[in-house]
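Okay, structure first, notes after.
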Amino acid sequence: MTAPVHHITHPLIQHKLTLMRQKDRSTSNFRTLMNEISMLMAYEVTRDMPMQLVEIETPLETMMAPMIDGKKTVFVSILRAGNGFLDGMLNVVPGARVGHVGLYRDPRTLVAVEYYFKMPHDMQERDAIVLDPMLATGNSAVAAVDRLKETAPRSIRFVSLVSAPEGIANMQKHHPDVPIYTAAIDRELNSHGYIVPGLGDAGDRLFGTK
Ligand code: URA
């Protein structure tokens, strides 16, 4: 069975995404919106996180109260645009660890080649939340999750801001066990591999490199 695609349609997320899509939005504004959306998406992606009861003291009495164990979460950023998700996600799950995956596409073979991979130890005890704002062809996402699976995390989820149908299909073909959380499923990829209508190059817009 294929894991679900969670299309997050919360009005706050949709409104902010519309602002981000506008081509004249400044870099700092784009980054601020990305931060705000990340916090809201963290809320959705952590919805069914395991909780445990811990004993606490209120001013009135002792009680067993639910808590999530943030230390068991690892956010895995696919460089470089995935870093745009990190600040917002870490704001709401401050105990989480962070891993990074760097991949580039070999211009000759078009195969994703890894240039960086750094995860926390004890991945077997962690729930991994993989971050990439744009799920376009899905080739980097598939390669990143392939590599991540070698570390055997307890679970894997994938979060993107905008997805193309082609990227979702690619992920579902190679990683049917990984649920996808996305704020938009756009029309298609263009001949340059950009999502249309999309929002352009997320890395360039986040870091002001164009
Ligand atoms: N990466 C981006 O940043 N934007 C796209 O539209 C596709 C891939």
Quick test of your reading of the structure: Y43 fulfils all but one of (1) part of a helix (DSSP H, G or I); (2) at pLDDT below 95; (3) open to solvent by less than 80 Å² (accessible area, probe 1.4 Å). Name the failing condition by number. (3)
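Restricting the search to the range 132-153, which residues are aliphatic (A, V, I, L, M) and away from the ligand (no atom under 13 Å from the Cβ)? Explain how you work it out, then say what you get.
Of the range 132-153, the ones aliphatic (A, V, I, L, M) are 134-136, 141-145, 148, 152.
Answer for the range 132-153, where residues must be aliphatic (A, V, I, L, M) and away from the ligand (no atom under 13 Å from the Cβ): V142, A143, A144, V145, L148, A152.
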Checklist (1) at pLDDT 95 or above; (2) more than 10 Å from the ligand (Cβ to nearest atom) applied to G198, failing item: (2)
Restricting to the range 76-87, name every residue that is part of a helix (DSSP H, G or I), within 11 Å of the chain's Cα centre (by Cα) and surrounded by fewer than 23 Cβ atoms within 10 Å (Cβ to Cβ). N83, L86
Selection from the range 106-124 of residues touching a helix residue (DSSP H, G or I) at 6+ places or on another chain (Cβ under 6 Å) and outside any strand (DSSP E or B) yields none
Of all residues in the range 154-178, which are open to solvent by 20 Å² or more (accessible area, probe 1.4 Å) and either within 11 Å of the ligand (Cβ to nearest atom) or in contact (Cβ under 8 Å) with a residue 60 or more places away in the chain (or both)? R154, R157, E166, Q172, P176, D177
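The values are calculated or read from the model by the stated rules, or taken from the named source; none is laboratory data. In this text, all values refer to a predicted model and were calculated from it rather than measured experimentally. Glycine also receives a Cβ, built like all others from the backbone with ideal geometry; neighbour counts cover every protein chain displayed. Note: accessible area is taken over every heavy atom of the protein model, side chains too, but ligands, DNA and RNA are not part of it. Shrake-Rupley method; radii C 1.70, N 1.55, O 1.52, S 1.80 Å.
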